[in-house]
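The structure appears right after this line, and notes come after that.
Derivation of every value follows stated rules applied to the coordinates shown; laboratory data play no part. Keep in mind that this is a model prediction, so the values were computed, not measured. Every residue, glycine among them, receives a Cβ derived from its backbone with ideal geometry; neighbour counts consider all protein chains shown.
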Amino acid sequence: MENTIEPPFQNLNTSTVNKSVLVIGGAGYIGSHIAKHLLRNGYTPVIVGRDIKNSPITKLIDDCFEMDLPRDLHLLDEIAKRYNIDACIHTAAYTAVGESVTHPDRYYKNNVIMTVQLLNKLKDLGINKVLFSSSAAVYGIPEDGVCRDTEINLQPINPYGQTKLICEKILQDYHRAYGMQSVSFRFFNAAGADPEGDIGECHAVETHIIPICIRAGFQVEQFKIFGKDFNTPDGTCVRDYVHVQDIADAHVRALNLLGKTIQCESLNIGSGVGVSNLQIVKEVARHTGAMDLFMDERRPGDPDQLVADISRTKELLNWKPEHSSIDNIVRSAVQWYKQTNKKEIN
């Protein structure tokens, strides 16, 4: 297998493999945290993704394979056989909302067509448990700012959100037709970092507010807040932030219940608490010192508030967002930034 990271298949002792889970996109920010949590809970995560060699997850997990899906989809035949794969966690996708508007072709091809090809391969291999990374973008702009996963009339406002909703509907159809069991997790703003310092948020092009704000604070750069006239207590927009540890914990709980008390669900993964942009800045400034803040014009289409209703997730998974207070999220993200950018900190 070209570009496969050791160990190669032939050295694997299949008798030791137990509860193996395929993690597509497991070298990414969210996928790597899920993979580490799987490992700590008795699972064998088998990671497949692009550009794995540069991911810190390879220092924790041996079973990592660099592939370009769907081109290399046929290579999953051997992986499934050798590792006795029982379930798949699918976190790989293009996620930039703005890019999805200017290049919808890329998003429908990568997020939808590739997912269909992956699901067909899993079906052929007899792997019928899937955890899918969906998004709060499926909600569009809810009237009262609260996103309820019982809502059936969803209206995404960009191609990215459309691709996620389409994939959720495909999973529902595959459940009815083929008995495929799944949970589509609608992520809100994933944030924070592994408290042990092994993995964290490090994108080639950063678009998330917390790491951008942290860098601005430490580098004494100008930080822009888009909009000061939202219908919120401080005038800046309000969003729901959830720690990646809580996201990872929800996946392990769902795996344990899939095929038992859960068959096919779409569930919110958030904190259930709204935090404004100005609150983010103030929390980050506690660690970095005051920053150069510029209040820019609001961006078209930005809703005042997006907060998750997590009541069904808590009930069905016996889960709660234990690590998702904004102070803990920012503290862990600052710790990761300091560790990975020692030379840049003033």
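Computed values, structure above
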{"quantity": "Per-residue ³J(HN,Hα) for the range 36-45, Karplus 6.51 cos²θ - 1.76 cosθ + 1.60, θ = phi - 60°, Hz, x for Gly and Pro", "calculated": "5, 5, 4, 4, 6, 10, x, 8, 10, x"}
{"quantity": "Nitroxide proxy distance, nm - points 7 Å out along Cα→Cβ at Asn41 and Asp173", "calculated": "3.0 nm"}
{"quantity": "Within the chain, percent of DSSP bridges classed antiparallel, to nearest 5", "calculated": "10 percent"}
{"quantity": "Test item: Cα-centred dipole of the chain, Lys/Arg +1 and Asp/Glu -1 on Cβ, debye", "calculated": "500 debye"}
{"quantity": "Computed over the chain: relative contact order in percent, which uses C-alpha pairs under 8 Å that are six or more apart", "calculated": "18 percent"}
{"quantity": "The range 45-198: Rg to Rh, with Rh as the Kirkwood radius over Cα pairs", "calculated": "0.97"}
{"quantity": "GNM flexibility winner over the chain from Asn54, Asn110, Asn84 (Cα, springs under 10 Å)", "calculated": "Asn54"}
{"quantity": "Positive-pole candidate from Ile212, Val138, Leu73, dipole of the chain, charges at beta carbon", "calculated": "Leu73"}
{"quantity": "Proportion of all alpha-carbon pairs of the chain beyond 36 Å (%)", "calculated": "18 percent"}
{"quantity": "In range of the label at Leu293: residues from the range 251-279 whose backbone nitrogen is under 20 Å from the point 7 Å along Cα→Cβ", "calculated": "274-279"}
{"quantity": "Rounded if a/c under 1.5, otherwise prolate or oblate - the range 47-125, Cα gyration tensor axes", "calculated": "oblate"}
{"quantity": "Added length on full extension, which subtracts the Cα-Cα distance from 0.36 nm per residue, Lys338 to Lys260", "calculated": "23.8 nm"}
{"quantity": "Separation of alpha-carbon centers, the range 226-287 and the range 306-324, rounded to whole Å", "calculated": "9 Å"}
{"quantity": "Net lengthening on full extension, Val146/Glu196 (0.36 nm per residue, minus Cα-Cα)", "calculated": "14.7 nm"}
{"quantity": "Charge dipole (debye, nearest 20) of the range 201-342; +1 at Cβ of Lys and Arg, -1 at Cβ of Asp and Glu", "calculated": "360 debye"}
{"quantity": "15 Å beta-carbon shell around Cys264, net charge (K/R +1, D/E -1)", "calculated": "+3"}
{"quantity": "MRE, 222 nm, helices only [DSSP H, n ≥ 4, -39500 (n - 2.57), over the chain, to nearest 500]", "calculated": "-10500 deg cm²/dmol"}
{"quantity": "Potential lengthening between Asp229 and Leu316 on full extension [0.36 nm per residue; Cα-Cα distance subtracted]", "calculated": "27.5 nm"}
{"quantity": "Between helix 244-257 and the chain: long-axis angle, C-alpha atoms, 0 to 90°, nearest 10", "calculated": "30 degrees"}
{"quantity": "Mean projected area in nm² (Cα convex hull; one quarter of hull surface) for the range 243-312", "calculated": "7.0 nm²"}
{"quantity": "Label-to-label distance, nm, for residues given as Glu206 and Asp105 (7 Å Cα→Cβ offset)", "calculated": "3.3 nm"}
{"quantity": "GNM top mover of Ala285, Ala93, Ala308 - the chain, alpha-carbon springs below 10 Å", "calculated": "Ala285"}
{"quantity": "The range 137-178, relative contact order [Cα under 8 Å, separation at least 6], %", "calculated": "44 percent"}
